[in-house]
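What follows is one structure encoded as structure tokens, with my remarks underneath.
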Amino acid sequence: MREFDAAQVQQLLSGPKFTDEPAERRCPACGARAVRTYVHRRVGPHRTVRITSMWCASCRRHKGWTGPDEGPAFDDPLLQLPDAARADLLGDLEALLARLDQLWDAGRLPQTFQR
């Protein structure tokens, strides 16, 4: 698995916000309409952050970043997992993306965002 490069990330972020249009996007690396996004929260002792992961289900390029926990509320299908299992999954990028692809293919993703 490789990361999207800076120019590819800029292409992906140049369109509508994922929270406004939570759909697959065209991959700037391989051209497939298979770039997916998943957002979750990490609660820490001093602050809570929002973590965004973006990946291509076709070529497996990815990018992740953190930011302040601001913006609309959202659902998270991984919250139903026991804490330890969720932590293990979030700590293994390949397993996480495989699980997220399963959820996407099953219609449990993309997430919904409330305004």
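The values are calculated or read from the model by the stated rules, or taken from the named source; none is laboratory data. Keep in mind it's a predicted model, so treat the numbers as computed, not measured. Ideal geometry is used to build each Cβ from the backbone, glycine not excepted, and the neighbour counts take in all protein chains shown. Side chains included, ligands, DNA and RNA excluded: accessible areas come from the protein's heavy atoms. Shrake-Rupley method; radii C 1.70, N 1.55, O 1.52, S 1.80 Å.
Once you keep just the Cα pairs under 8 angstrom separated by 6 or more residues, what percentage relative contact order results for the stretch 27-115?
Across the stretch 27-115, relative contact order equals 25 percent.
Residue by residue through the stretch 86-93, which ³J(HN,Hα) values in whole Hz follow from phi under the Karplus form 6.51 cos²θ - 1.76 cosθ + 1.60 (θ = phi - 60°), with glycine and proline marked x?
Couplings: 5, 4, 4, 5, 5, x, 10, 4 Hz.
Could you report the chain's accessible area per residue, 1.4 Å probe, as an integer in Å²?
Result: 58 Å² of accessible area for each residue.
Lone cysteines in the chain, going by a 4.7 Å Cβ-Cβ cut-off?
Unpaired cysteines in the chain: none, every one has a partner Cβ under 4.7 Å.
Between 50, 60, 42, which gets the highest mean-square fluctuation from a Gaussian network model of the chain, Cα cutoff 10 Å?
Greatest mean-square fluctuation among the candidates belongs to 42.
State the dimensionless ratio Rg/Rh of the chain (Rg: radius of gyration of Cα atoms; Rh: Kirkwood radius).
0.94
I'd like the accessible area for residue 48, computed on protein heavy atoms only with a 1.4 Å probe and all protein chains in place. Round to 10 Å², please.
Here the accessible area works out near 50 Å².
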